[in-house]
1. Mind listing just one residue for me: the one in the stretch 131-177 that is surrounded by 21 or more Cβ atoms within 10 Å (Cβ to Cβ) and basic (Lys, Arg) and, of those, farthest from residue 61 (Cα to Cα)?
2. Find all pairs meeting these conditions: Cβ atoms under 6 angstrom apart; at least six residues apart or on different chains; first residue within the stretch 7-32 and in a strand (DSSP E or B); second residue surrounded by fewer than 15 Cβ atoms within 10 Å (Cβ to Cβ) and polar (S, T, N, Q).
3. From (1) surrounded by 14 or more Cβ atoms within 10 Å (Cβ to Cβ); (2) in a loop (DSSP other than H, G, I, E, B), pick out the condition that doesn't hold for residue 83.
4. Which residue pairs have Cβ atoms under 6 Å apart, sit 6 or more places apart or on different chains, and have a first residue in the stretch 145-172 that is at pLDDT 95 or above and a second that is surrounded by 19 or more Cβ atoms within 10 Å (Cβ to Cβ) and basic (Lys, Arg)?
5. Can you confirm whether residue 22 is modelled with pLDDT of 95 or more, closer than 25 Å to residue 182 by Cβ, surrounded by fewer than 16 Cβ atoms within 10 Å (Cβ to Cβ) and not β-branched (Val, Ile, Thr)?
Amino acid sequence: MPTAIQDVPLKTITGDDARLGDYAGKVLLVVNVASKCGLTPQYEALEKLYAARRDQGLVVLGFPANDFAGQEPGTNEEIQDFCRSNFGVDFPMFSKITVTGPDIHPLYRELTQRFPKAASRPGENFRERLRGYGMTPNPEPGVLWNFEKFVIGKNGEVVARFSPDVPPDDPMVLSAIDKALAA
């Protein structure tokens with residue numbers, strides 16, 4: 001029986017109906033993305049990771065969100081064009097959603113409840129960095145910023161979560177993905 005997270009209704013960036021269950025048996029890296037963020041260059045690493053590990057069963061899923069400093073103002077079509085022309089994004093992209101606050105999308109409500117704390121690199125604290133910029137970060141379990149990453153295992157369980165400043169090619173992320181692929 002699929003878990004509730006696999007049945008959450010989604011829309012692809014082109015408007016087609018989808019759900020995580022469409023990727024049953026795959027390892028998923030779910031990322032809230034934005035086109036005008038200091039972390040936007042992570043698109044390149046996400047695409048390289050997808051290309052390198054998709055034959056092993058990894059699927060990167062991008063979820064544009066305009067929740068942080070208005071850094072994803074575009075339409076779905078503009079976002080798709082930006083991602084393809086600037087970063088050659090070939091991994092599945094979904095329509096813009098809300099990943100925090102009272103209108104949080106059910107997918108992100110489930111993700112944050114199932115894995116409430118994001119891992120950071122040793123000695124780094126993205127929450128404190130945001131405070132240093134004069135911002136008030138979301139309290140846990142809320143998503144901190146664009147490019148937070150969730151790893152979902154083949155069985156549909158959330159197995160890891162990483163802070164936005166942990167890049168997709170960081171050894172912590174790669175280790176979590178490889179462990180999930182081997183399971």
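1. 161
2. No pair meets every condition.
3. (2)
4. Hits for this filter: 150/161; 162/149.
5. Criteria met by residue 22.
The values are calculated or read from the model by the stated rules, or taken from the named source; none is laboratory data. In this text the structure is predicted, and so the values were computed from the model without any measurement. Note that we place each Cβ from the backbone using ideal geometry, even for glycine, and neighbour counts take in every protein chain shown.
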